[in-house]
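Participant: What follows is a structure written as structure tokens; I'll ask about it next.
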Amino acid sequence: MGDSKPLELFDDLYRESDDPWNTLTSAYEREKIADALSQLGSRHYRHIFELGCGAGAMTEHLAERGDLVSAVDGSQVAVDIARRRCAELPGVTVGHMVVPASLPPRETFDLVIVSEVAYYLNAEDLRVTVAGLVDALVVGGDLLTVHWAEDDPDHCSTVEEVGAAFTGDGRLTPLRGHTATRHGTSYRVDLLRR
């Protein structure tokens, strides 16, 4: 089993650009975020946890869906960017967290978002992270995953392996999911409930 991707890689990318994946500017990203959040329906959440907030593109939208949003990223450089971007949003905090070394508190959140990050973890780190994220969900809470569905040599896991890791946790019930293509690029969205 190979190692999970080193965090220095992401720090370097964010030092080169405040938005290395164009999450703040591309039509693809805007449409993907809108599609993902539409899976939640009209439900409003008490406390949202976002793993892999990057520059804060989705975090801004989550502020409208929850009373509190705790957004985290493993790249301290990305955290600094997202903090500046989200500084004026009420109820939003942005912090540094490295999974699976650190995991959120048990039964704290009623929505957990995992976006574009799980496939950078090797199989064991992914398993431990999934278990910790499900632990952090209250019973009845939702877990939303959004991941690029194209092959990438930088990924440690495929989008199918990521999906299987979440659906394989016996505490989660799949509600809906689909693969979509926008602007010639595919992504996968899944909503599960504890």
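Participant: Take every DSSP beta bridge with both residues inside the chain and express the antiparallel ones as a percent of the total, to the nearest 5.
Facilitator: In the chain, approximately 45 percent of DSSP beta bridges are antiparallel ones.
Participant: Oh, and also: Run the dipole for the chain about the Cα centre, Lys and Arg Cβ at +1, Asp and Glu Cβ at -1, nothing else charged, and hand back the magnitude in debye, nearest 20.
Facilitator: 800
Participant: If you project the alpha carbons of the range 4-53 onto their three principal axes, what span does each projection cover, largest first, in Å?
Facilitator: 38, 26, 18
Participant: While we're looking at this one, here's another question. Just the C-alpha atoms of the range 114-154: what Rg/Rh do they give, with Rh taken as the Kirkwood radius?
Facilitator: Rg divided by Rh gives 1.02.
Participant: First select every other residue whose beta carbon is under 13 angstrom from the beta carbon of Ala63; then total the charges, Lys and Arg +1, Asp and Glu -1. Before the final figure, lay out each step's value.
Facilitator: On the way: positive: Arg65, Arg85; negative: Glu50, Glu60, Glu64, Asp67, Glu88.
Surrounding charge for Ala63 is -3.
Participant: Could you give the semi-axes, largest first, of the ellipsoid that matches the range 108-194, computed as the square roots of 5 times the alpha carbon gyration tensor eigenvalues and rounded to whole Å?
Facilitator: 21, 15, 10
Participant: Dipole of the chain (Lys/Arg Cβ +1, Asp/Glu Cβ -1, origin at the Cα centre): which of Pro153, His44, Ser186 lies farthest to the positive side?
Facilitator: It is His44, whose Cα lies furthest towards the positive end.
Participant: Same structure, new question: Pairs of alpha-carbon atoms within less than 8 angstrom and 6+ residues apart define the contacts here; what relative contact order does the chain have, in percent?
Facilitator: Answer for the chain is 20 percent.
Participant: Next question. Using the Karplus curve 6.51 cos²θ - 1.76 cosθ + 1.60 with θ = phi - 60°, work out ³J(HN,Hα) for each residue of the range 118-129 in order, rounded to whole Hz, and write x for Gly and Pro.
Facilitator: With coefficients 6.51, -1.76 and 1.60, one gets 4, 6, 8, 9, 6, 4, 5, 5, 5, 4, 5, 5 Hz.
Participant: Follow-up. Roll a 1.4 angstrom probe over the protein heavy atoms and tell me the percent of accessible area of the chain that is carbon or sulfur.
Facilitator: The C+S portion of the solvent-accessible surface of the chain is 50 percent.
Participant: Give the dimensionless ratio obtained when the Cα radius of gyration of the chain is divided by 2.2 N^0.38 Å.
Facilitator: Values: Rg = 15.2 Å, N = 194, 2.2 N^0.38 = 16.3 Å.
Cα Rg divided by the expected 2.2 N^0.38 Å: 0.93.
Participant: P(r) for the range 16-85, please, calculated from all Cα pair distances in 10 Å bins and given in %.
Facilitator: Final binned percentages: 21, 51, 26, 2.
The values are calculated or read from the model by the stated rules, or taken from the named source; none is laboratory data. All of these numbers come straight from a predicted model, not from anything done at the bench. Every residue, glycine as well, gets a Cβ built from its backbone with ideal geometry; the counts of neighbours run over all protein chains shown. We work out accessible area using only protein heavy atoms, side chains counted, and drop any ligands, DNA or RNA first. Shrake-Rupley method; radii C 1.70, N 1.55, O 1.52, S 1.80 Å.
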